[in-house]
1. Can you tell me which residue is nearest to residue 532 (Cα to Cα) among those in the range 455-472 that are in contact with a helix residue (DSSP H, G or I) (Cβ under 9 Å, 6 or more places away or on another chain) and among the aliphatic types (A, V, I, L, M)?
2. Filter the helices (runs of 4 or more DSSP H) completely within the range 1-96 down to those with at least 2 residues that are closer than 21 Å to residue 230 by Cα.
3. Run down 286, 291 and say which single residue is crowded, with 23+ Cβ neighbours inside 10 Å, of a type in the set (D, E, K, R), outside any loop (DSSP other than H, G, I, E, B) and in contact (Cβ under 8 Å) with a residue 12 or more places away in the chain.
4. Pull out all pairs, ordered by first then second residue, where Cβ-Cβ is under 9 Å, the residues are six or more apart or on different chains, the first lies in the range 172-183 and is under 15 Å from residue 47 (Cβ atoms) and of a type in the set (Val, Ile, Thr), and the second is assigned to a helix (DSSP H, G or I) and at pLDDT 95 or above.
5. Residue 55: open to solvent by less than 20 Å² (accessible area, probe 1.4 Å), closer than 19 Å to residue 152 by Cβ and touching a Lys or Arg at 6+ places or on another chain (Cβ under 6 Å), yes or no?
6. Condition first: at pLDDT 95 or above, among the aliphatic types (A, V, I, L, M) and touching a Lys or Arg at 6+ places or on another chain (Cβ under 7 Å). Can you find one or more residues in the range 428-438 that meet it?
7. Hey, any hits in the range 133-148 for a residue that's in contact with a helix residue (DSSP H, G or I) (Cβ under 6 Å, 6 or more places away or on another chain) and either under 23 Å from residue 272 (Cα atoms) or not hydrophobic (A, V, I, L, M, F, W, C) (or both)?
Amino acid sequence: MTEWWKQAVVYQIYPRSFMDANGDGIGDLRGIISKLDYLAELGVDVLWLSPVYDSPNDDNGYDIRDYQKIMQEFGTMEDFDQLLTEIHQRGMRLVMDLVVNHTSDEHAWFTEHPDYYIWKDEPNNWRSFFSGSAWEYDEVRQQYYLHLFSKKQPDLNWENEALRKEVYGMMRWWLDKGVDGFRMDVINMISKNQAFPDGVAGDGTPHFLNGPRVHEFLQEMNRQVLVDYDIVTVGEMPGATTDDAKLYTGEGRKELNMIFTFEHMNLDQGPSGKWDLQPLRLTDLKENLEKWQVALFEDGWNSLYWNNHDQPRIVSRFGNDGQYRKESAKMLATCLHFLQGTPYIYQGEELGMTNVAFSSIDDYRDIETLNMYNEKRAQGVPHEQLMHAIRMKSRDNARTPMQWDTSENAGFTIGEPWISVNPNYREIHAEKRHEPDSVFSYYRRLIALRKELAVMTEGDFELLHREDEEIFAYMRKKMDETVTVYCNFSETSRELPVPTGRVLIGNYPPGEIQDVVLLRPYEALCFYDGIREIERLDG
């Protein structure tokens, strides 16, 4: 099979918040169809849809009731078939979200095939990721079922061969339709330690992250399904290390093409977890990304991302969403896209969309956020302290509607949006994309460069200025080509040595370079030394 996905750039769509075509306040498939030309203009190769399957929406579609039906709010299977056709007509591919660690408790399997799930007479002490116990008592069976997430998301029993065959048949059904791959939700949780021991302080992750049979299951999935199609697969894998990633993505392993790591997304949190905020130390970020670049260079493959539907907006997180919003959005994009791996752009990232600061907890919709707030308030944590953490880290930061224009509700809907639009949409929106200095225009250049320069895909990685807490600098080398990347993560202007080669791309208007490179606040500057004649690109 070809490895087209190594040069591809993926764009993630969160359908509920992307574009509403029928005015009910909820994004839908016909809304996506109406914006395909926008995505083609951006230049992305692959569209990844967060779940569009039939769901009662306890966890925004990640609780699936029927894998082979479309959620009524999103449209029909005919709408999906048209979307797939029109994506392919524009030379793009479509990746589906595959959620097979759990289903909804409203899935027919839950009553018709209870042995597809995990039941115990006495629960252990594992806690759910969404707070509280990971076990729920079922009055009908008079047993407890496991749910690592919402109590309406019972975990599937992958030890059951009949269940695995059902999953593989469903995957083939979608691939035979013509979809081009899967992003696999928490796929490294499908194998549990069958002794189900208690966890330290209720932490069960050592017993189900990268579990005892997970590689066996994924190799079986590869043999039964994946090997027959020219597709891309990426596994979401919390807690996976570089050593794990080599096993999941190594050339001869016959499992997946790449995984999503979470390590770099955990660097700005304290010891008590996601809601424990601490400033990012740039040296930690550099050390972590270097580790992944080096470890997977010759065996395995990296996925590259700053944002997704589960993460706050990167320009508000690692950048500066005030005075230097455009500059820092472009700098962060530069830093990521010149690394080795497949880049993922999350909807609105290409516009420099920011976190939202809702004034009331009632404006938030995310089950994880609401559960945390209620639990912490019951423990006496002050409201404003919790709201500050939510404004920084809530998943709803990524889920506010796409900002298309300056009309009411940012052009997302003519109805009442399911979650409020970020009030800054009059300043940040897609209609500005044709301005020469737009974030969108800069992303287009980065995407185009990836297809032109093999060194971006194939070159090795060398970290520069390792101990600097403001500058992220590195080199990519491949035979007779070298790219040097300078990224300033601060509001301070900095002087750096002049590398070999000529300026390839930068996020400021050209400055004069003499004895040193003067990097302005949040400036990114890339130098190319090689055989190609490439026009300088400035943002």
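The values are calculated or read from the model by the stated rules, or taken from the named source; none is laboratory data. What you see is a predicted model, and the numbers here were worked out from it, not measured in a lab. Glycine also receives a Cβ, built like all others from the backbone with ideal geometry; neighbour counts cover every protein chain displayed. With ligands, DNA and RNA removed, areas are computed over all heavy atoms of the protein, side chains included. Shrake-Rupley method; radii C 1.70, N 1.55, O 1.52, S 1.80 Å.
1. If we take residues in the range 455-472 being in contact with a helix residue (DSSP H, G or I) (Cβ under 9 Å, 6 or more places away or on another chain) and among the aliphatic types (A, V, I, L, M), then 456 is nearest to residue 532 (Cα to Cα).
2. The qualifying helices (runs of 4 or more DSSP H) are 77-89.
3. 286
4. Short answer, once both residue conditions are applied: 179/84.
5. On the way: open to solvent by less than 20 Å² (accessible area, probe 1.4 Å): yes; closer than 19 Å to residue 152 by Cβ: yes; touching a Lys or Arg at 6+ places or on another chain (Cβ under 6 Å): yes.
Here the answer is yes, as residue 55 does meet what is asked.
6. no
7. no
For (1) acidic (Asp, Glu); (2) touching a Pro at 6+ places or on another chain (Cβ under 9 Å); (3) free of Cβ contacts under 8 Å to residues at least 12 places away in the same chain, each residue gets a yes or a no:
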residue	(1), (2), (3)
9	no, yes, no
25	no, yes, no
35	no, no, no
47	no, no, no
53	no, no, no
58	yes, no, no
66	yes, no, no
75	no, no, no
